[in-house]
Amino acid sequence: MTIRAFNELYLNDAQTNLANAFDYALNSCKQSPDVFAEIFSRSDYAKKFECGDPAIVSGKSGVELVKTILAKVNIVDSFPEQQFSQDRSPEYWTGWALAYYQWYSAKRFKDIFARIPLSQIVLMYKVFHEMDITAFVESMEKRYDEVEVETKLRSLREARGLSQRELSNISGVKLRSIQLFEQKVNDIDKAQAHTLYKLARVLGCTIEDLLENPEHII
């Protein structure tokens, strides 16, 4: 059973804020959907959003959120005024629908975008924007489950330029254990805490970053 991060009473605020954030970032600031998704999902604000931090889901507007995130990576010289339209944009709907899906599934944004790029989610507007939100959720769940991605351990290891043997030698975790985790023969989510700690320390990540389904870990 999925445990949702925050009370449903705050869901409307969360949807409105993320809708305004995506609309402002992609339309007013002219950010590429997938570039902004990468910046957003790796920010502290995404993590706070996922945990239902009231200051983020209710206290900070979507425009304020975008300005803060983009200012930290210095890719925008100045921030334009938000463009308003009587008709909600596909980007606005995307943020609104995605906030619901993240709340419903308790998945991390970076895990969602790793399997379903934001640019593809925007394209779902034409089909799903007039449907009940449950149709969007069902489609997202199906797409998410159908995508076969390499394990996070392998992605992080290769990003650090380490072979399996090198990671084993440095971390002290058995080579065969690393191989079985990467082949998905053994479930890394069920690994002992000290094993995960050793790997995370060498790879420069958190233990959560190594888990395939962190939303299911209680």
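The values are calculated or read from the model by the stated rules, or taken from the named source; none is laboratory data. Note that this is a predicted model, so its numbers are computed, not measured. For neighbour counting, all protein chains shown are included, and Cβ atoms are generated from backbone atoms with ideal geometry for every residue, glycine included. Surface accessibility is based on the protein's heavy atoms, side chains included, excluding ligands, DNA and RNA. Shrake-Rupley method; radii C 1.70, N 1.55, O 1.52, S 1.80 Å.
In region 180-199, the residues that are of a type in the set (K, R) form Cβ pairs under 7 Å with partners that are open to solvent by 30 Å² or more (accessible area, probe 1.4 Å), at six or more places apart or across chains, as follows: K198/G172.
Number of residues in region 107-151 that are among the β-branched types (V, I, T), over 14 Å from A37 (Cβ atoms) and modelled with pLDDT of 95 or more equals 4. When each of L26, L70, L9 is tested for being among the aliphatic types (A, V, I, L, M) and open to solvent by 70 Å² or more (accessible area, probe 1.4 Å), the lone residue that passes is L9.
Considering region 53-106, and only residues there that are in a helix (DSSP H, G or I) and of a type in the set (K, R), the residue that is farthest from R42 (Cα to Cα) turns out to be K67. Being of a type in the set (K, R) and surrounded by 14 or more Cβ atoms within 10 Å (Cβ to Cβ) is the requirement here; does R108 meet it? When the stated conditions are applied, R108 passes them. In region 29-40, which residues are open to solvent by 10 Å² or more (accessible area, probe 1.4 Å) and not β-branched (V, I, T)? Result: C29, K30, Q31, S32, P33, D34, E38. Within the set I3, I56, the sole residue that is open to solvent by 50 Å² or more (accessible area, probe 1.4 Å) and modelled with pLDDT under 90 turns out to be I3.
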